[in-house]
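Notes for the one structure printed next.
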Amino acid sequence: MTGQWSTEIVVLGGGLAGLRAASVAAEAGRRVVLIEKRDRLGGSAALSAGMFWTAPDLESYRARVPAGNVALGERVISDYDANLDAIRRSGVFVSDQSTDDVMGFGRGFTFDVKAYLGHLEERILKAGGEIRTGLRVRAIEPSATQRYRLVIESDEGEANLETNAIVFATGGFQGSPGARATWMPDVGEDILLRSNPGSTGDGLRLASELGAATAGDLGTFYGHLISHPVSGFTPDRFMLFSQYYSNHGILVAADGRRFADESRGDEMLNQDLAELDGMRAFLIFDHETRSTYGASEPFANFGRLDRFEFAVEHGARHAVADTLDALAVALGTLGVDEGQLRRTLAGDVGVSTLASRVSRSEPPTAAQLGLLRSGPFYALEVQPAVTFTLGGIAIDAATRVIAASGSPLDGVFAAGADIGGLSNYGYVGGLAPAHIAGSIAGVEAVASC
Ligand SMILES: Cc1cc2nc3c(=O)[nH]c(=O)nc-3n(C[C@H](O)[C@H](O)[C@H](O)COP(=O)(O)OP(=O)(O)OC[C@H]3O[C@@H](n4cnc5c(N)ncnc54)[C@H](O)[C@@H]3O)c2cc1C
């Protein structure tokens, strides 16, 4: 593809947010081009569990994300039912409301996300929209004929695409070690990627070049603890290695100390561990935890799996013992400070000396030790992983991208994991906010043309 080209609305990114925004805009009769830089659509959404989940009300949103964008949180909560209905109307499978408590709060329904992504693609094409894969947007410049000109590279050469509106939906910056080093310097650079590899911060970079402000704490991110070492960590197995149940045990660093209140949930512990030197800890839990939370189905239709057994079969360092005393000895041989570990298990909640940089977590509590009830006891080495970044492009509740001056940029919108500040260390979902913001961005982009 070379030469000049024009449209009314460009959507960058072919994951859930981008496909939804493009389908809404195309069905409103606008000329829409969706650009996906990889050779396939779907992004991380296509790898996901399909849990359409978020905070149930504003009070829980504020409690979980005290520094969050309240106007945006309110919009996500108020638009949730209409967006869930839109998915139901597509005819894809949607489960009953989940009773599993993987995230500790919120409301969610599992849907067949792959089928739904295919459904959105069909709708875009049926409405006359264009979908182009394998294209890279190098720059966005002001244009004399329309608002913006995208300079696009492909294997065939370079082209210019003129447009009046742009929706950024490139899925965050977790896929770029350089972007992570710049925007989340406290997180170890070797952190495992639990995401599609294409989300490398292009949306944030291009929007910043247009003058966009950032929002939220760029050092925060969503993900789950993964066993360590891990062999065969392929995208289809990301969820099998995820230790969702870590809030039912304690986490101990190599110095034998705990470093966070584990009861706050795996997605928070994952961020806390990423700030420790070396990014490794042992998750210690009892048999009841292993056989219930550690082996349950985290999402509808996911299937049961003994996560400890699966992790061990795939190379994880671990220990099993009938008593906590014997477990301390076994962990001592794996490099954990045995003396301190014994004191920790006996009720010393002194925070790990390694944790000096951890600024967001709550300190450990003695109550959590009560979850180590009776043997056998297990210890599984874990590492953090990044699924998507929570800080990003500043938007308002209408998904308009906000400049450093505080005013919206003309015709520029963002949705999905590119946006910052809806979740902020505390997490309120990926798919539901992506779909909801994508719906809004589609409508607003149409109105802006
Ligand atoms: C294993 C796993 C399980 C998950 N489970 C859940 C779950 O059950 N519930 C939940 O709420 N969330 C879940 N998530 C998170 C969820 O998938 C994301 O929050 C959601 O997909 C974000 O949507 P998005 O459209 O912003 O990004 P994505 O779906 O990741 O799509 C972004 C797309 O943009 C493309 N792109 C990047 N740069 C460019 C560019 N310059 N030009 C064009 N295209 C570009 C990428 O290649 C990608 O295809 C999970 C994620 C993973 C990986």
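The values are calculated or read from the model by the stated rules, or taken from the named source; none is laboratory data. Since this is a predicted model, take the numbers as computed values, not measurements. Counting neighbours? That spans all protein chains shown, and the Cβs are built from the backbone with ideal geometry, glycine included. The protein model used for the area step is the full one, side chains on, heavy atoms only, and it has no ligands, DNA or RNA in it. Shrake-Rupley method; radii C 1.70, N 1.55, O 1.52, S 1.80 Å.
For the chain, what is the calculated [θ] at 222 nm in deg cm²/dmol (nearest 500), taking -39500 (n - 2.57) for each run of four or more DSSP H residues and dividing by its residue count?
Theoretical 222 nm ellipticity from helices: -8500 deg cm²/dmol.
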What is the magnitude of the charge dipole of the range 224-383 about its Cα centre, with +1 placed on the Cβ of each Lys and Arg, -1 on the Cβ of each Asp and Glu, and no other charges, expressed in debye to the nearest 20? 100 debye
The answer for GluC sites (Glu not before Pro) in the range 133-179 that fall in a DSSP coil and have at most 16 neighbouring Cβ atoms within 10 Å is Glu156
Highest mean packing first, using Cβ neighbours within 10 angstrom, the peptides 28-39, 279-290, 167-178, 361-372 sort as 167-178, 279-290, 28-39, 361-372
Going by average Cβ neighbours within 10 Å, how do the peptides 260-266, 180-186 rank, with the highest at the top? 260-266, 180-186
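In Å³ and rounded to a whole number, note down the convex hull volume per residue for the Cα atoms of the range 224-383. All intermediate terms of the calculation are to be shown ahead of the outcome.
Values: hull volume 16.2 nm³, N = 160.
That works out to 101 Å³ per residue.
For the range 224-383, what relative contact order do you get, as a whole percent, if you take Cα pairs closer than 8 Å and at least 6 residues apart? Don't skip to the answer; put the middle values down first.
Values: 320 pairs, mean separation 62.6, N = 160.
About 39 percent, as a whole number.
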0 to 90° range, to nearest 10: angle between helix 431-448 axis and the chain longest Cα axis: 20 degrees
Please give the helix 70-89 orientation as an angle from the longest Cα principal axis of the chain, in degrees from 0 to 90, rounded to the nearest 10. 80 degrees
Please give the FRET efficiency for Glu130 paired with Ser291, using the beta carbon to beta carbon distance and R0 = 35 Å, rounded to the nearest 0.05. 0.10
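What FRET efficiency do you get for Ala28 and Thr99 if R0 is 41 Å and r is their Cβ-Cβ distance, rounded to the nearest 0.05? Intermediate results must be reported in sequence, preceding the final value.
Working: r = 37 Å, r/R0 = 0.91.
According to the calculation, E is roughly 0.65.
Of the accessible area of the chain, with the probe set at 1.4 angstrom, what percent is carbon plus sulfur? Don't skip to the end; give the middle numbers.
Details: 8150 of 16550 Å².
Using a 1.4 Å probe with all protein chains present, the chain comes out at 49 percent carbon and sulfur.
Per residue, how many Å² of accessible area does the range 224-383 show with a 1.4 Å probe? Walk me through the intermediate numbers first.
Working: 5950 Å² over 160 residues.
Roughly 37 Å² per residue, with all protein chains present.
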Could you give me the ³J(HN,Hα) list for the range 309-316, computed from phi with Karplus coefficients 6.51, -1.76, 1.60 and θ = phi - 60°, whole Hz, x at Gly and Pro? 4, 4, 5, 5, 4, 10, x, 5
With Cα coordinates, the longest principal axis of the chain makes an angle with the long axis of helix 16-27, in degrees rounded to 10, of 20 degrees
Using a 10 Å cut-off on Cβ atoms, rank the peptides 405-414, 230-239, 9-18 from the highest mean neighbour count down. 9-18, 405-414, 230-239
Residue-wise HN-Hα coupling along the range 393-410, computed from phi with Karplus coefficients 6.51, -1.76, 1.60 (Hz; x: Gly, Pro): 5, 6, 9, 9, 5, 9, 6, 6, 6, 9, 7, 4, 5, x, 8, x, 7, 4
Alpha-carbon Rg with Dmax, taken over the chain, Å: 22.5, 74
Which ³J(HN,Hα) values, rounded to whole Hz and listed in residue order, are derived for the range 227-239 from phi using the Karplus coefficients 6.51, -1.76 and 1.60 in 6.51 cos²θ - 1.76 cosθ + 1.60 with θ = phi - 60°, glycine and proline given as x? 4, 9, x, 10, 10, x, 7, 8, x, 5, 10, 3, 6
The range 146-173 residues near the modelled Arg138 label - backbone nitrogen below 16 Å, point 7 Å along Cα→Cβ: 149-162
If I take every Cα pair under 8 Å that is 6 or more residues apart in the chain, average their sequence separation and divide by the length, what percent do I get for the relative contact order? 25 percent
Long-range amide H contacts for Thr365: which residues qualify at under 5 Å (H placed 1.01 Å from N, peptide plane, sequence gap of 5 or more or a different chain)? Glu262
